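Structure record follows, encoded as structure tokens.
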Amino acid sequence: MTVTTDSLRTRKTTDSLRTEKTAARPFRLAFPPVSGTLRPRQLAVCAGLAVAVFVALCWNVSIGEYGIPLTDVARALTGSGDPGTLLVVQELRLPRAMTGLLAGIAFGMSGALFQTMTRNPLASPDMIGLTQGAGTAVVAGIVLGWDFGLGTQALGLFGALASALLVYGLAWRRGTTGYRIILVGIGVSWVCLSATDFLLARGGRFQAQAALGWLVGNLNGRDWQQAAPLAYALVVLVPAALLIGRLMRTLQLGDDVAKGLGTRVQAVRLTVLLTGVGLVAFATAAAGPVAFVALAAPQIAQRLCRTAWPPPLAAGLTGALVVLASDVLARELVPGTELPVGIVTGVLGAPVLLWLLIRVNRAGSGG
């Protein structure tokens with residue numbers, strides 16, 4: 001009897017879901033009339049990650065030419081302390097740290113959505129052309145002057161959305177599958193990278209330097225103009241990502257089984273795609289294409305929570321922790337030099353990618 005890769009993956013997912021269900025505790029409230037499932041380990045992991053993110057935020061704000069103790073930073077975040085410390089913390093350093101925190105949440109949750117939708121741990125905005133599309137649009141605006149007065153953020157948002165629609169359109173064949181989205185996305189990413197390299201070669205010296213400073217993922221010089229639009233976007237997109245997370249669970253069992261259970265597979269997949277694109281587009285527009293966060297954070301969160309799929313909230317908190325900790329390393333690793341945060345995440349994320357490739361190859365679940 002021949003057993004296909006999809007059937008093996010579905011069987012493994014079913015076993016994981018059954019194991020996770022035994023660790024979950026259902027609850028029902030009389031007022032308000034709410035019922036659901038409580039997962040103690042996942043709640044504990046999210047609580048621990050939230051504490052770690054707050055400590056990393058305070059640590060990020062505390063370092064600089066004028067060092068501030070962590071206790072003074074914590075007081076300044078609540079609005080107390082001397083005026084000088086309040087000025088440095090709230091006006092000069094906090095916008096950069098908040099941009100990194102919010103971008104990490106967006107990258108982590110976006111990666112969790114794409115990896116769950118495609119049932120592939122290698123599926124992330126870095127791999128399927130979304131960040132590359134944003135990069136091409138921004139470089140075109142810098143080098144060719146095609147910004148139309150929109151600015152870097154709007155160009156990055158437009159580029160990510162355009163590349164996502166292109167991937168979805170090319171992958172459509174009486175519907176889409178996660179495997180086709182990944183393959184088409186890899187091709188689109190290389191086309192965008194080639195276009196970006198051409199634009200950099202065509203541009204002048206100063207234009208190329210400005211573009212490269214954004215392309216590697218950078219938090220230097222970020223202020224509330226970058227953090228505020230990202231915060232407003234997350235107010236809408238984070239609840240949406242958490243709500244559609246429940247709809248995606250049947251997709252883990254395969255398209256045929258999901259359709260049999262009454263799930264509108266293509267509608268759910270399109271909703272997930274648009275939500276994930278919104279998250280990664282606003283994050284890329286604010287901080288640049290910070291490498292490997294969307295790939296590694298969901299896998300770390302999944303293993304911490306021991307779930308059958310990457311949990312979006314835990315993945316977002318993990319992404320925030322990775323970005324903030326990497327930014328601290330980028331500022332302290334070489335004395336007197338502030339490296340772009342994307343360089344550090346790239347160095348840390350490359351081994352994770354290699355490990356995932358080896359693991360997927362051994363499991364025979366690469367699609």
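The values are calculated or read from the model by the stated rules, or taken from the named source; none is laboratory data. It should be emphasised that the depicted structure is a prediction, and the values quoted were computed from it without experimental measurement. Please note: Cβ atoms are built from the backbone with ideal geometry, for glycine as well, and neighbour counts cover all protein chains shown. Protein only, heavy atoms only, side chains kept; ligands, DNA and RNA dropped before computing areas. Shrake-Rupley method; radii C 1.70, N 1.55, O 1.52, S 1.80 Å.
Among the listed residues Leu102, Leu86, Leu94, identify the single one that is at pLDDT 85 or above, closer than 27 Å to Pro298 by Cα and over 18 Å from the mean Cα position of the chain (by Cα).
Leu94
Could you figure out which of (1) at pLDDT below 85; (2) of a type outside the set (Val, Ile, Thr); (3) assigned to a helix (DSSP H, G or I) isn't true of Glu65?
So the condition that Glu65 fails would be (3).
For region 230-289, which positions are surrounded by fewer than 16 Cβ atoms within 10 Å (Cβ to Cβ) and not in a helix (DSSP H, G or I)?
Result: Leu261, Gly262, Arg264.
Could you list, in sequence order, the residues of region 259-287 that are modelled with pLDDT under 85 and over 15 Å from Leu161 (Cα atoms)?
Lys259, Gly260, Leu261, Gly262, Thr263, Arg264, Val265, Gln266, Ala267, Val268, Arg269
Take the residues in region 202-229 that are among the charged types (D, E, K, R) and either touching a Gly at 6+ places or on another chain (Cβ under 6 Å) or assigned to a helix (DSSP H, G or I) (or both); name whichever of them is modelled with the lowest pLDDT.
Applying the filter and picking the extreme gives Arg205.
Tell me the residue from Ile300, Ile343 that is closer than 23 Å to Val238 by Cα and either open to solvent by less than 10 Å² (accessible area, probe 1.4 Å) or part of a helix (DSSP H, G or I) (or both), please. Don't jump to the end; show me each part of the working.
Numbers: Ile343 fails: closer than 23 Å to Val238 by Cα.
Ile300 is the lone residue from the list that is closer than 23 Å to Val238 by Cα and either open to solvent by less than 10 Å² (accessible area, probe 1.4 Å) or part of a helix (DSSP H, G or I) (or both).
From the list Leu313, Leu329, exactly one residue is open to solvent by 50 Å² or more (accessible area, probe 1.4 Å) and farther than 23 Å from Leu212 by Cα. Which is it? Quick ask: steps written out before the conclusion?
Details: Leu329 fails: farther than 23 Å from Leu212 by Cα.
Among Leu313, Leu329, only Leu313 is open to solvent by 50 Å² or more (accessible area, probe 1.4 Å) and farther than 23 Å from Leu212 by Cα.
Quick one: which residue in Leu199, Leu161, Leu193, Leu165 is in a helix (DSSP H, G or I), open to solvent by less than 30 Å² (accessible area, probe 1.4 Å) and either modelled with pLDDT of 80 or more or within 21 Å of Asp327 (Cβ to Cβ) (or both)?
Exactly one residue qualifies, and that residue is Leu199.
Identify the residue in region 33-49 that is open to solvent by 50 Å² or more (accessible area, probe 1.4 Å) and among the small types (Gly, Ala, Ser) and, among all such residues, is modelled with the lowest pLDDT.
Only one residue tops the list, namely Ser35.
For region 211-229, enumerate the residues that are within 12 Å of Val138 (Cα to Cα), aliphatic (A, V, I, L, M) and crowded, with 17+ Cβ neighbours inside 10 Å.
Selection gives Ala211, Leu215.
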